[in-house]
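K.L.:
Quick one: the structure is below, questions incoming.
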Amino acid sequence: MARSLAKPSKTVDLHAEAFLTDLDQYEQNELLGEAIEFLREQLDGAIYWDYPEIRFIHGKGKGLLKQAVYEELKYYKQSGAISNYYPAYHNEDIVVVLIGL
């Protein structure tokens, strides 16, 4: 069986300027949705490729991205797709997602 999902980086920046090239085409409120969609793509890829963990950079700012990221990860954990997630010990602007048990 051929693998079809791209292999993500072990650390993924969720700030729009890190993964979008046409920022001026988006309204501010659309960027949050794009970031969450990007998180899903990267996390699904990490699960598919059997990563033990993946890290997401959400940053500080107003905390909107952080809040949305944690809500999405809560859903993934409740569904059994990931085992846990927590802020990185050395940098609270990063969330560590544990995929395997």
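K.L.:
When the chain is fully extended, how far beyond the present Cα-Cα distance does Tyr26 get from Ser9, taking 0.36 nm per residue of separation?
P.N.:
3.6 nm
K.L.:
If you place +1 on the Cβ of every Lys and Arg and -1 on the Cβ of every Asp and Glu, how big does the dipole about the Cα centre of the chain come out, in debye to the nearest 20?
P.N.:
Around 520 debye, computed over the chain.
K.L.:
Hey, another quick one. Can you give the percent of C-alpha pairs in region 16-101 whose distance is more than 23 Å?
P.N.:
21
K.L.:
If you find the alpha carbon centre of region 23-51 and of region 64-89, how far apart are they in angstrom?
P.N.:
One Cα centre to the other: 14 Å.
K.L.:
Straight-line reach from Lys66: which lysines fall under 21 Å, measuring Cα to Cα and dropping same-chain residues less than 8 apart?
P.N.:
Hits, sequence-local ones excluded: Lys10, Lys74, Lys77.
K.L.:
Here is a follow-up. Percent antiparallel among DSSP beta bridges with both residues in the chain, to the nearest 5?
P.N.:
Bridges in the chain that DSSP calls antiparallel: roughly 75 percent.
Bear in mind that the values in this text are calculations on the coordinates, not laboratory data. Remember, predicted model here, so these are calculated numbers, not experimental data. Here Cβ is always computed from backbone atoms with ideal geometry, including for glycine, and neighbour counts include all displayed protein chains.
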